[in-house]
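These notes are about the structure you will find just below.
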Amino acid sequence: MDTTTENPAAPPALQPAETDKGAARGASRPGDRVFIGLSRGSGIFVLVLMAAIAAFLTYRAVLALSKNEANFFTTMEWNPSGVPPQFGIAVLAFGTIVSSVIAMAIAVPIAVGIALFITHYAPRKLGGTIAYVIDLLAAVPSIVYGLWGALVLVPHLNGLYGWLDDYFGWTGLFAWDGGPARSLFTVGILLAIMILPIITNVSREVFRQVPRMHEEAALALGATRWEVIRMSVLPFGRSGIISASMLGLGRALGETMAVAMVLSPTFTIQASLLDAGGGTFAQNIASKFNEATEMGRDALIASGLVLFVITLLVNGAARLIIARRKEYSGANA
């Protein structure tokens, strides 16, 4: 005897064929077709735009490199208008990478700390005020940061430079000869201030998405607030912190006007981070493009292609890191 009972009020389960028919009907609606077309077209447009930029940079770079009489990657000279033309990106690559690394080393810990304070420690009103101030920092134009850096930051860094020279000058990296503080280290500090709002805002939003039950479960087991953050919040937001850091790094790599106003450019690689001089890709392009000859502009575009490739590699590496650490993203929580 069949003892199973059925609920006459329950709707019948949809069969796969019926589900497919429903999806087909949805896709056949005019609004859905328009949305799908716009979405697909937007994705294709971005790919075509990136390909067009890469093709333009590559074409102009090949024109310059075919006439260059020096090694493009190791030469510490920039004279594309000479006879013969000689130019290289060794100094520019070194300055761009070093200043960005300094900026990230300063900005990421501070930004994550601010985001944690806003979301888990500060009272709501205080946290809202701090978040508002951080948002205002993100809206400040680069030229304003450059003016502040040149007129305020540079003159007031002599004390810090002297302290670093007294205690860490023996390493060679922080040896200071008493010159002006227009070095890659100053550029790194300024870039850290500029990328701080980006990393803070993204990290803050990620920390707010942590499941409340995870935190309450940890507290119920006797964990302290720091242990809750270490075991629940930071693992959940790790991929978000990486994404935020890569966004900040992207701005640091391509920042132009602020760096040009603070740095004292030279085509030499300084042994100390505190010695004035150095250069970056963006700063070199901005300062030389207007007065460059046709050959000089092609050489600058060739250096821009290198910066373009570096940016793509950085973002690709970030995507790989995030993909390998999906278990920390909280998606399966």
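Nothing in this text is a laboratory measurement; each read-out follows from the coordinates by a stated rule. Fair warning: this is a prediction, and the values are worked out from it, not measured in the lab. Methodologically, a virtual Cβ is constructed for each residue, glycine included, from the backbone with ideal geometry; neighbour enumeration extends over all protein chains shown.
Check which residues have an amide H placed less than 5 Å from F289's amide H, if you skip close sequence neighbours.
Those lying under 5 Å, H to H, from F289: there are none.
With θ set to phi - 60° and the Karplus curve 6.51 cos²θ - 1.76 cosθ + 1.60, what are the ³J(HN,Hα) couplings of segment 132-143 in order, to the nearest whole Hz, using x for Gly and Pro?
Karplus-based 3J(HN,Hα) across segment 132-143 equals 5, 5, 4, 4, 5, 4, 5, 8, 6, x, 4, 5 Hz.
With equal scatterers on the alpha carbons only and no solvent term, can you work out the Debye log10 of I(q)/I(0) for segment 102-190 at 0.20 1/Å?
-1.01
With the dipole of the chain worked out from charges on the C-beta (+1 for Lys and Arg, -1 for Asp and Glu) around the Cα centre, which of L126, L196, M257 lies farthest toward the positive end?
Of the listed residues, the answer is L126.
With the contact rule set at Cα under 8 Å and sequence spacing of 6 or more, what percent relative contact order holds for segment 93-196?
49 percent
Note the angle between two axes, namely the Cα long axis of helix 238-254 and the longest principal axis of the Cα atoms of the chain, as a number of degrees from 0 to 90, rounded to the nearest 10.
30 degrees
Rounded to the nearest 500 deg cm²/dmol, what is the calculated helix-only ellipticity per residue at 222 nm for the chain, with -39500 (n - 2.57) per DSSP H run of length n ≥ 4?
Result for the chain, helices only: -21000 deg cm²/dmol.
Ranked by Cβ crowding within 10 angstrom, fewest neighbours first, how are I269, I44 ordered?
In order of increasing Cβ crowding within 10 Å: I44, I269.
Would you please give the residues with an amide H less than 5 Å from that of F87, counting only those at least 5 places away or on a separate chain, with H modeled from the backbone geometry?
Distant-sequence amide H within range of F87: E69, A70, N79.
Please turn the phi angles of segment 203-218 into ³J(HN,Hα) values with the Karplus equation 6.51 cos²θ - 1.76 cosθ + 1.60 (θ = phi - 60°), one per residue in order, whole Hz, x for glycine and proline.
4, 4, 5, 5, 5, 6, 8, 4, x, 4, 5, 4, 5, 5, 5, 5
Nothing charged except the Cβ atoms of Lys and Arg (+1) and of Asp and Glu (-1): what's the magnitude of the dipole of the chain about its Cα centre? Round to the nearest 20 debye.
680 debye
Pop a pseudo-label 7 angstrom from the Cα along the beta-carbon direction at both N158 and D177 and give the gap in nm to one decimal.
So the two model labels end up 1.8 nm from each other.
Looking only at segment 78-121, which residues have a backbone nitrogen under 17 Å from a spot 7 Å from the Cα of E291 in the C-beta direction?
Flagged as within label range: 78-82.
Would you mind telling me which residue in A103, A286, A220 has the biggest mean-square fluctuation in a Gaussian network model of the chain, where springs connect alpha carbons within a distance under 10 angstrom?
Among A103, A286, A220, the largest mean-square fluctuation in the Gaussian network model of the chain belongs to A220.
Note down the relative contact order for the chain as a percent, whole number, built from C-alpha pairs under 8 angstrom at least six residues apart.
This gives 24 percent for the chain.
If you put +1 on each Lys and Arg Cβ and -1 on each Asp and Glu Cβ, how big is the dipole of segment 209-261 around its Cα centre, in Debye rounded to 20?
For segment 209-261, the charge dipole is close to 40 debye.
Return R230, R297, R29 ranked ascending by Cβ neighbour count within 10 Å, so the fewest neighbours appear first.
R29, R230, R297
Test of understanding: given the chain, find the longest segment containing no GluC sites (Glu not before Pro) that are in a DSSP loop and have at most 16 other Cβ atoms within 10 Å.
Excluding the exposed sites themselves, the longest stretch runs over 78-290.
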